[in-house]
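For reference, the structure is listed below as structure tokens.
Values quoted throughout were computed directly from the atomic coordinates according to the rules given, and no laboratory measurement underlies them. Note that the structure is a prediction, hence the values are computed from the model and not measured. Note: ideal-geometry Cβ built from the backbone for every residue, glycine included; neighbour counts use all protein chains shown.
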Amino acid sequence: MPDLLARVPFKFGFATNPPSIVLSLIVLSISIWAIYRAVKTPSQRFAGIGKSRARWIGYLVIATVLPLGFLFSLYFLWNVKPKLVDQSSRNGSI
């Protein structure tokens, strides 16, 4: 039994092998980028598409700590952010 536990790539709940660490950093980076984009986008653009900026930022922060929360960040970056950009181009702002 000790040999089996010695081969487990997790210690204290964290992956310790390099591919897992790299993947974790990529996932964390995606979530942080989504939060950054939501924070930098003016509230008026969110209101223009019928969304709440504060609510989206809250969702993204909570999703960052969830195991598959980065999927929510990807949803924001692929579906909500393009609508926000379209909203800004309609208003003539950058």
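Below are the figures for this structure:
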quantity: Dipole in debye (nearest 20) - segment 15-91, about Cα centre, beta carbon charges: Lys, Arg +1; Asp, Glu -1; calculated: 360
quantity: Scaled radius of gyration (Cα, divided by 2.2 N^0.38 Å) that segment 45-85 gives; calculated: 1.14
quantity: Cα convex hull of segment 23-94 - mean projected area over all directions, nm²; calculated: 4.4
